[in-house]
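No lab work stands behind these numbers, since they all come straight from the coordinates. All figures in this text were calculated on a predicted structure; none of them were measured in a lab. All Cβ positions, even for glycine, are placed from backbone atoms using ideal geometry, and neighbour counts span all protein chains on display.
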């Protein structure tokens, strides 16, 4: 779990931060108003799952997989 969170934080803070210092990066409105809130929602959804001993059950994994599928489908339809 720590590797996933640490990797995401590193990619967002360091890689994108360094690139944006070289050249400005435009930010799409869809990223700010759809993808970022969904990312936060998934992050907060992991909190109750972690209370079961940091092991995802099949049901919890299925919930996350369905949520990811809905997210990808909604991106493709927009």
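Evaluate the following for residue 56: is it surrounded by 10 or more Cβ atoms within 10 Å (Cβ to Cβ) and either on the phi > 0 side of the Ramachandran plot or part of a helix (DSSP H, G or I) (or both)? For residue 56, the condition - surrounded by 10 or more Cβ atoms within 10 Å (Cβ to Cβ) and either on the phi > 0 side of the Ramachandran plot or part of a helix (DSSP H, G or I) (or both) - is not met. Among the residues of segment 1-44 satisfying the criterion of being over 11 Å from the mean Cα position of the chain (by Cα) and under 19 Å from residue 71 (Cα atoms), which is surrounded by the fewest Cβ atoms within 10 Å (Cβ to Cβ)? That would be 29. The test for being surrounded by 10 or more Cβ atoms within 10 Å (Cβ to Cβ) and either part of a helix (DSSP H, G or I) or in contact with a helix residue (DSSP H, G or I) (Cβ under 8 Å, 6 or more places away or on another chain) (or both) does not hold for residue 76. Would you say residue 40 is under 22 Å from residue 76 (Cβ atoms) and free of Cβ contacts under 8 Å to residues at least 12 places away in the same chain? Spelling it out, residue 40 is indeed under 22 Å from residue 76 (Cβ atoms) and free of Cβ contacts under 8 Å to residues at least 12 places away in the same chain.
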